[in-house]
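The structure appears right after this line, and notes come after that.
The values are calculated or read from the model by the stated rules, or taken from the named source; none is laboratory data. Computed from a prediction, not measured in an experiment: that's the story for all the values here. Here the Cβ positions follow ideal geometry from the backbone for every residue, glycine too, while neighbour counts run over all protein chains shown. Just so you know, the surface numbers come from the protein's heavy atoms only, side chains and all, with ligands and any DNA or RNA stripped out. Shrake-Rupley method; radii C 1.70, N 1.55, O 1.52, S 1.80 Å.
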Amino acid sequence: MENITINPANYKSEYIKYLNQCFNGWGQEREYDWAFSRTVGDKKADIMLIHNEEGEVIAGSAVTYRKLSKPGGGTMDIAIMTGSWTLPKARGKGCFSKIISLSQELAHKKNVPYLTAFVTESNASYRRLASAGSMLVPNSNLFSPEQPYADADSAAIEVLQEDEKVISDIYSQFSDMEQEGFSFAYTREEFYQQYINRPKKVEILKINADYALVEETYNAIKVLLLSHDEMQAFEDNIKSLTNWAIENRSKKLLLFSTKSKIIEACEKLGFESLKGYYTILHTAADAGTEVDTQLMWVNIHSGDKM
């Protein structure tokens, strides 16, 4: 029988060690503090450890808490399974299924109705969450073509310095984009900490009247946010941004979205699409499996993810 520890004291360095053991190059204290010590909304993250019969740590995970804006006004709390890991010697022994049930219990104790997670279609975690009864919201990681577009101009892109007016403008455009359905809710300060004050450097780009927030990784330029007021503007912006990444960094773009219109537009433009799901599961044991179907149209950007 496994033993469980919830929110262990003075365990940060050990937890970081296990994360890096399971996810090569995961990060260090700055990444840990941003992911688990930062509070968005009013609920602190929970950390769990699973031990075997000999008392050795074999798996762990976190539950982070966020708020979703609801169509028509108001917010609701959600929980997110974050950074789940199982050491190689314990894989295939049901640790992830235990993590799911523990995460549900922790979220339910905080009166959070839904437990969510981000998984790719090829990941074993996806199959576990699907079999547990999760509603599956399709999403895609989208990789831009290697060749620039002939009908797009990266010269329209300006790299900006961070200042209060720019941040306010970006937050305003972000808020305007999120009015159609469910989306992640932030105060202006929470938005700044989530999208701009991240462990890796974030660059602010102006594309005509719109903005892009991007983060350079070892193999791609990750698009955290790309503002637009209509789909034609999105297509024009993403082509210009693709050219900018090729010309200035010799890298592809990486874009994440749950919006079918965004995914379809990118695929039409030649983006490679890696399919995945945002899974949504009730936290109450007696709630059944039916989830508010409006959540199928939740709008999530790459910058919303931990």
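Looking only at the range 211-222, which residues are surrounded by fewer than 18 Cβ atoms within 10 Å (Cβ to Cβ) and of a type in the set (Phe, Trp, Tyr)?
TYR218
Residues of the range 80-116 that are of a type in the set (A, V, I, L, M) and either over 23 Å from HIS51 (Cβ atoms) or without any contact (Cβ under 8 Å) to a residue 12 or more places away in the chain (or both): ILE80, VAL112. Residues that are of a type in the set (Gly, Ala, Ser) and closer than 13 Å to LYS70 by Cα were ranked within the range 162-198; the one that is surrounded by the fewest Cβ atoms within 10 Å (Cβ to Cβ) is SER175.
Here PRO145 fulfils each of the conditions (1) open to solvent by 50 Å² or more (accessible area, probe 1.4 Å); (2) more than 16 Å from the chain's Cα centre (by Cα) apart from (1). Being under 30 Å from PHE191 (Cβ atoms) and open to solvent by less than 30 Å² (accessible area, probe 1.4 Å) is a description that does not apply to ALA90. The numbered conditions (1) at pLDDT 95 or above; (2) over 29 Å from TYR65 (Cβ atoms); (3) open to solvent by 60 Å² or more (accessible area, probe 1.4 Å) are all true for ASN208 except (1).
Could you run through the range 134-183 and say how many residues are of a type in the set (S, T, N, Q) and part of a helix (DSSP H, G or I)?
Applying the first criterion (of a type in the set (S, T, N, Q)) to the range 134-183 yields 134, 139-141, 144, 147, 154, 161, 168, 172-173, 175, 179, 183.
Among the residues that remain, those that are also part of a helix (DSSP H, G or I) are: 154, 168, 172-173, 175.
Adding up the residues that qualify gives 5.
Looking at the range 102-122, is at least one residue over 29 Å from GLY181 (Cβ atoms), open to solvent by 30 Å² or more (accessible area, probe 1.4 Å) and among the aromatic types (Phe, Trp, Tyr)? Among the residues of the range 102-122, not one is over 29 Å from GLY181 (Cβ atoms), open to solvent by 30 Å² or more (accessible area, probe 1.4 Å) and among the aromatic types (Phe, Trp, Tyr), which makes the answer no. Residue pairs whose Cβ atoms lie under 7 Å apart, sitting 6 or more positions apart in sequence or on different chains, and linking a residue in the range 251-277 that is buried (at least 19 other Cβ atoms within 10 Å of the Cβ) to a partner that is in a helix (DSSP H, G or I) and β-branched (Val, Ile, Thr), are LEU253/THR242; SER257/ILE263; CYS266/ILE238.
All conditions but one from (1) farther than 23 Å from ALA117 by Cα; (2) in contact (Cβ under 8 Å) with a residue 60 or more places away in the chain; (3) of a type in the set (D, E, K, R); (4) in a strand (DSSP E or B) apply to LYS206; the one that does not is (2).
Matching residues to (1) under 23 Å from the mean Cα position of the chain (by Cα); (2) on the phi > 0 side of the Ramachandran plot:
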site	(1), (2)
GLY92	no, yes
VAL112	yes, no
PHE118	yes, no
TYR126	yes, no
ASP163	no, no
GLU180	yes, no
ALA185	yes, no
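Scanning the range 17-47 for residues that are over 25 Å from SER101 (Cβ atoms), in contact (Cβ under 8 Å) with a residue 12 or more places away in the chain, not basic (Lys, Arg) and not in a loop (DSSP other than H, G, I, E, B) turns up GLU29, GLU31, TRP34.
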